[in-house]
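Some notes on the structure that comes next.
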Amino acid sequence: MKTDGYSNQFLAIPGWVAAIFSWLCAWFWAGPAAADGSVTWLVEHYEWQIIGIIVLCAEPLLIFALLIQQRRWRRAETQLRDSEERMTLAATAAKLGMWVWDITQDQIWVTDPCRALYGFAPAVSLDYQAFLQSLHPDDRESTDRAIQRALTARKEYHCEYRVIQPDGRLLWIAAQGRGYFDSAGKPLRLMGVSIDITARKQAELEIQRHRQELAHVTRVATLGELSAALAHELNQPLTAILSNAQAAQRFLAQTPPDLEELRAILQDIVQDNQRAGEVVRRLRALFKKEETPRQVLDLNAVIREVGKLLCSDLIAKHVFLVMDLAADLPGVVGDPVQLQQVVLNLLLNGAEALCSATTCPRQLQVRTCRHDAATIEVAVRDTGSGIDPEQLESVFEPFVTTKPQGLGMGLAISRSIVTAHGGRLWATNNPDGGATLHFTLPVGQESNR
Amino acid sequence: MTTVPTVFIVDDDAAVLTSLARLVRSAGYHAVTFSSAGEFLDRVTADTPGCLVLDVHLPELSGLDLQQALATAGQSLPIIFLTGYGDIPMSVRAIKAGAVDFLTKPCNDKDLLMAIQQALVQDQQARQAQADVADIQQRLATLTPREREVLALVIAGQLNKQIAAALGASEQTIKTHRGRVMEKLQVASLADLVRLAEKGGIAPAAAPRQVN
């Protein structure tokens, strides 16, 4: 390109040479008369020559200017083509599809890669409904909501959804865009890009599945450790039922039978049976392998549920559990089984810490409170011998355990669960002895998800 | 003393407590319930006859702790242990410390009631034995020091002549003392006297130097 520029400059030189030569000729022809310096005389006598000279002078300038302009155009054109090429290359490499939705006309313009992403046939004109129809039925409503929200709030649009390809393949797509509005604020266009994130999503789902499996395995292992206490938990209502029923048989054999007593017995049997059923339900929930849908949860209720489950075990370990649960906490969004598992692990850890220490009293305290406006904190505090300050962080690593029979997975899996819920889990030593394990969870906002 | 024996039941689970009490009452016993070992210690005095049905796993003071506390206090109330998950060392410890039985929950009415019956018989026998000892001691208290000396020598198998020599008295005097001892202790034969003295905790005197 630079050589082009030089050659343009050289082309202009002959024009200049011609102009200077014409001027010199005119000078000699004019002779001494010109020495008067009278311009008027010059114009009168050499009118055509002067015009000729001016034209000759202007012509190369003109040519020169035109050449420069042409060069600029050509450069801009090349740059545009390069830029487009680069863009297409990047878009293709990233499987990026570009689209513009003309809202007033309800027409969607898409690039070819974009058509491929959504499985649209070539050269078919598209509208908003066609776009929604290409999505997985479960994602249509939430995507529509996200777009409307972006247009009303005049915010960036960002959404992830599944697209069913004509051949039945499922693609995960992330779309990002921005609205353009007229002076009255009415949306005119929504313009943006879509990208195939199937691989990322699959990796994420894979990690999630591994985490769930690991969580399940450790949960079952924990419950195995607790089996004696859990059997006791079931045994109590069974004992009551058996004794009540046998007492009833004896009362029935008496004459006259004490009907009032029998009625009370039957009522108690029903109640104890329900209680046994509750224990089984609680256990079954924790043994469950499949994922529980995330839902808005009352953390206090989660903690109370675990407390009931651990009641017998704690009594057998002579551990006294104190619950200090803040009233009217906002809900958190999460998997109830996994969060129960975290609380279970933390309480068991605390109880173990108390058992290995010779401290008295063996008190375990679980407290909930608002950490700040957006998070809730749960703290499990024991009066044991605390954690070696150098191990405050490493206790969360897998296979690190201080228990002789421990697998070393309890705290590691708890941390991964809390992190997956958008929270944090950490340990501190109490100034007056013992350790506290804290975890935070974000306050649930179901409507914004 | 009431004619109906009392069965004391300690369990921290209200439902279990109520049902056990019903079962005990259905068998015609008097049932008194406690939700903790501490409550039992506070409310029950030694002179109530009966037996104790005790859960091993209690918060704070455990069943085994209560057994120990009762033994330390000198109370001989027979104990039947109940447990949801008893291990062998625990049951061995309980039985060694004098428990009547160690039953696993949920327990059959027959097993429990039989254990209760056995415990009540044991309690009654123990109380009878205690009463007998008290009675004998009361009788022994009526003896004079001299008569006690004679008694100790008699049960050591000494003849009147030997006793007289040992105590420096005439054989006739010893005979009179001996007759009065038999009378005061309300026994008819030497064999009865020996048995009673043994129950009353009177040790036979060391054999005095033989007089040839």
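Here is how the numbers come out for the structure above:
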read-out	value
Selected residue (criterion: surrounded by the most Cβ atoms within 10 Å (Cβ to Cβ)) from residues of the stretch B:104-138 that are at pLDDT below 90 and aliphatic (A, V, I, L, M)	B:Ile136
Matching entry among A:Asp258, A:Asp328 (being at positive phi and either touching a Gly at 6+ places or on another chain (Cβ under 6 Å) or surrounded by fewer than 17 Cβ atoms within 10 Å (Cβ to Cβ) (or both))	A:Asp328
Check on A:Ala379, of a type in the set (Gly, Ala, Ser), at pLDDT 90 or above and within 16 Å of A:Leu339 (Cβ to Cβ)	yes
Those residues of the stretch B:102-117 which are part of a helix (DSSP H, G or I), of a type outside the set (Gly, Ala, Ser) and touching a residue at least 12 places away in the same chain (Cβ under 8 Å), in sequence order	B:Asp109, B:Leu112, B:Leu113, B:Ile116
In the stretch A:214-232, residue nearest to A:Arg415 (Cα to Cα) [restricted to those that are within 14 Å of another protein chain (Cβ to nearest Cβ) and among the aliphatic types (A, V, I, L, M)]	A:Leu226
Condition check for A:Ala221: touching a Ser or Thr at 6+ places or on another chain (Cβ under 7 Å) and assigned by TED's automatic domain parsing to the domain that holds A:Thr292	no
Pairs, first of a type outside the set (Val, Ile, Thr) in the stretch B:83-96, second surrounded by 18 or more Cβ atoms within 10 Å (Cβ to Cβ) and not in a helix (DSSP H, G or I), C-beta under 6 Å, six or more apart	B:Gly84/B:Lys105; B:Ser91/B:Phe102; B:Ala94/B:Phe81; B:Ala94/B:Phe102
Pick from the stretch A:88-126, criterion assigned to a loop (DSSP other than H, G, I, E, B) and surrounded by 14 or more Cβ atoms within 10 Å (Cβ to Cβ), ranking: modelled with the lowest pLDDT	A:Lys95
Those strands (runs of 3 or more DSSP E) lying entirely in the stretch A:351-435 with at least 1 residues without any contact (Cβ under 8 Å) to a residue 40 or more places away in the chain	A:363-372, A:424-429
Selected residue (criterion: farthest from the other protein chains (Cβ to nearest Cβ)) from residues of the stretch B:10-34 that are within 26 Å of the chain's Cα centre (by Cα) and surrounded by 24 or more Cβ atoms within 10 Å (Cβ to Cβ)	B:Val10
Selection from the stretch A:136-163 of residues that are charged (D, E, K, R) and part of a helix (DSSP H, G or I)	A:Asp138, A:Asp139, A:Arg140, A:Glu141, A:Asp144, A:Arg145, A:Arg149
Residue list for the stretch A:196-228, filter: among the hydrophobic types (A, V, I, L, M, F, W, C), over 14 Å from A:Leu283 (Cα atoms) and in a helix (DSSP H, G or I)	A:Ala199, A:Ala203, A:Leu205, A:Ile207, A:Leu214, A:Ala215, A:Val217
Pairs, first at negative phi in the stretch A:118-132, second among the charged types (D, E, K, R), C-beta under 6 Å, six or more apart	A:Asp127/A:Asp106; A:Tyr128/A:Asp106; A:Leu132/A:Arg140
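Residue by residue, here is whether (1) surrounded by 14 or more Cβ atoms within 10 Å (Cβ to Cβ); (2) under 17 Å from A:Lys308 (Cα atoms); (3) out of contact with any Phe, Trp or Tyr (no Cβ under 8 Å at 6 or more places or on another chain); (4) more than 11 Å from chain B (Cβ to nearest Cβ) holds:
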{"residue": "A:Ile241", "(1), (2), (3), (4)": "yes, no, yes, no"}
{"residue": "A:Gln246", "(1), (2), (3), (4)": "yes, no, yes, no"}
{"residue": "A:Phe251", "(1), (2), (3), (4)": "yes, no, yes, no"}
{"residue": "A:Gln254", "(1), (2), (3), (4)": "no, no, yes, no"}
{"residue": "A:Ala264", "(1), (2), (3), (4)": "yes, no, yes, no"}
{"residue": "A:Ile269", "(1), (2), (3), (4)": "yes, no, yes, no"}
{"residue": "A:Asp272", "(1), (2), (3), (4)": "yes, yes, yes, no"}
{"residue": "A:Gly277", "(1), (2), (3), (4)": "no, yes, yes, yes"}
{"residue": "A:Arg284", "(1), (2), (3), (4)": "no, yes, yes, yes"}
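The values are calculated or read from the model by the stated rules, or taken from the named source; none is laboratory data. Since the model is a prediction, treat every value here as computed from it, not as a measurement. FYI the Cβ positions are ideal-geometry reconstructions off the backbone, even for glycines, and counts take in every protein chain you see.
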